[in-house]
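Working notes, structure below.
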């Protein structure tokens, strides 16, 4: 026959409920069979969930990377625009100087044909011509147009077409005015006579 025991006295008779690791479970709390107490369960849940600080760090890293990429694109665009502006400035200056260079070359040709001109004057004109052409070349401007090359409507302006003995059709026979270009872009086409 079993003794009657009033409700709520189990702990007194049987002792408090003890988990496998020896920790006491308070009344009303189920004992975890894995041996983890309530505090251990909270730590496991916190470790499994992402840390809000980590996601903010990822956001800041992504923002910094986007900012760096935007700055690099801006730097490259500014470098291209600066190169373009510099080329436009050089082109504009060359267009202003080319007529003066043409007149200098005409003066040099006339001085060489004249009979009573001092040789030192001719040499001075040649020196000025060479210096101007060298200055243009330092600015990236290339002079072109020689007799014998093929006619290209992009590079040449045909002043006249006429048959010339010993010249193939479409060849430049004579250059009246040399052409100039910068980075492949024509500043002024060469004015030429083309064999028909």
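The values are calculated or read from the model by the stated rules, or taken from the named source; none is laboratory data. Source: prediction; values computed, not measured. No Cβ is skipped: glycine too gets one built from the backbone with ideal geometry, and neighbour counts run over all protein chains shown.
Side notes on the structure shown:
- Of everything listed in (1) free of Cβ contacts under 8 Å to residues at least 24 places away in the same chain; (2) over 14 Å from residue 190 (Cα atoms), the single unmet condition for residue 168 is (1).
- Answer from 132, 155 - the residue that is within 36 Å of the chain's Cα centre (by Cα) and either over 30 Å from residue 83 (Cα atoms) or in the same structural domain as residue 83 (by TED's automatic domain parsing) (or both): 132
- Within the span defined as segment 163-174, every residue fails to be touching a strand residue (DSSP E or B) at 6+ places or on another chain (Cβ under 7 Å) and closer than 21 Å to residue 89 by Cα.
- Single unsatisfied condition, residue 109 versus (1) in a helix (DSSP H, G or I); (2) without any contact (Cβ under 8 Å) to a residue 40 or more places away in the chain; (3) closer than 25 Å to residue 182 by Cα: (3)
Residue-wise test of (1) surrounded by 11 or more Cβ atoms within 10 Å (Cβ to Cβ); (2) at pLDDT below 95; (3) more than 30 Å from residue 196 (Cα to Cα).
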position: 102; (1), (2), (3): yes, yes, no
position: 111; (1), (2), (3): yes, yes, yes
position: 116; (1), (2), (3): no, yes, yes
position: 140; (1), (2), (3): yes, yes, yes
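- Counted residues, segment 134-151 - those being out of contact with any helix residue (DSSP H, G or I) (no Cβ under 9 Å at 6 or more places or on another chain), outside any strand (DSSP E or B) and in contact (Cβ under 8 Å) with a residue 12 or more places away in the chain: 6
- Evaluating residue 25 against the criteria (1) at pLDDT below 50; (2) loosely packed, with under 10 Cβ neighbours inside 10 Å leaves one unmet condition, (2).
- The test for being in a helix (DSSP H, G or I) and either touching a helix residue (DSSP H, G or I) at 6+ places or on another chain (Cβ under 6 Å) or surrounded by 11 or more Cβ atoms within 10 Å (Cβ to Cβ) (or both) does not hold for residue 68.
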